[in-house]
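In what follows, a single structure is set out as structure tokens and then discussed.
The values are calculated or read from the model by the stated rules, or taken from the named source; none is laboratory data. Since we're looking at a predicted model, the values are computed, not measured. As a convention, Cβ positions derive from the backbone with ideal geometry for all residues, glycine included, and neighbour counts pool all protein chains shown. What goes into the accessible areas is simple: the full protein's heavy atoms, side chains included, and nothing from ligands, DNA or RNA. Shrake-Rupley method; radii C 1.70, N 1.55, O 1.52, S 1.80 Å.
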Amino acid sequence: MRRLTGLLLIFILPAVAEAAGPLVPADNNASNLDFSLRFARAKMPLDYAGRTQDGTSSWLGVSLREQVSRRVTLGMYGGYAWLTQTNNPVTAGIELDGFHAGFSLHAVLLEGQRASLYGTLDYGYQKTDHKSDAQTVVIDWVQPQAQLGATLTLARNWRLYGGGNYGKIDGEERATGSINHTLSFERGAQSGGFLGLDLNVETDGYIGIEARSGLMRGVDIYFKRRF
């Protein structure tokens, strides 16, 4: 557990979407640290007062999850983030960049030889900004989310997984310079689904792809390994 705590401090002290895919299956070597590298992109409308603002977010990050009991795993994730929006005067023609970070809890609810049922809770934070001589824009939000999913081993090296998700976004846009304002926005509680496929490429390594809808609509690509 001390490994996870130390890495958690590294991420949070300098800065303060989401752990990648389901956990890799437990092995016989007492390995309990799950590491993932994640690339993701998603469409996400945000509801301002009187209007809905369309946007696209991209992420490059890592997640670390450590098993703390037979069925419970705690984790954290973080990395870079980018945001573009359409028809927003203060973000027109620019790409905001920054970071994302969060915590996760993963619980195995039922477990069989080829299939399992699991649930996750995530709480994430994202901050992006853009600064010029004339204008500064900062957009940040918090994002709690829950998932209920199942995994199925299709063959020796392939896993199919999917399920449902539920979450919301609550954030703020702050502009100073030529335009000065502070605007709140949200993405009201939304339910959706996710479907993914991953391949065991070596003893403790996986690559995978996941598509999801609901709070946001997009695709993740990840590389995962257990240590």
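Among the residues of the stretch 96-143, those identified as of a type in the set (A, V, I, L, M), over 22 Å from the mean Cα position of the chain (by Cα) and over 24 Å from TYR161 (Cα atoms) are ALA134, VAL137. The set of residues from the stretch 196-227 being closer than 13 Å to LEU37 by Cβ and either part of a loop (DSSP other than H, G, I, E, B) or open to solvent by 20 Å² or more (accessible area, probe 1.4 Å) (or both) comprises TYR206, ILE207, ILE221, PHE223, ARG225.
For the condition open to solvent by 40 Å² or more (accessible area, probe 1.4 Å), over 19 Å from VAL108 (Cα atoms) and hydroxyl-bearing (Ser, Thr, Tyr), TYR48 does not qualify.
Selection of the stretch 47-70 for residues being over 17 Å from GLN85 (Cα atoms) and of a type in the set (Ser, Thr, Tyr) yields SER63, SER69.
Residue-level check: of (1) within 30 Å of ASP198 (Cβ to Cβ); (2) out of contact with any His (no Cβ under 8 Å at 6 or more places or on another chain), GLN126 misses just (2). Whenever a residue of the stretch 174-192 is over 30 Å from GLY163 (Cβ atoms), its partners that are of a type in the set (Lys, Arg) and open to solvent by 40 Å² or more (accessible area, probe 1.4 Å), lying with C-beta atoms within less than 6 angstrom and at least six residues away or across chains, give the pairs THR182/ARG174.
At least 2 residues being surrounded by 15 or more Cβ atoms within 10 Å (Cβ to Cβ) and aromatic (Phe, Trp, Tyr) is the threshold, and among the strands (runs of 3 or more DSSP E) wholly inside the stretch 72-170 those reaching it are 72-85, 96-111, 115-131.
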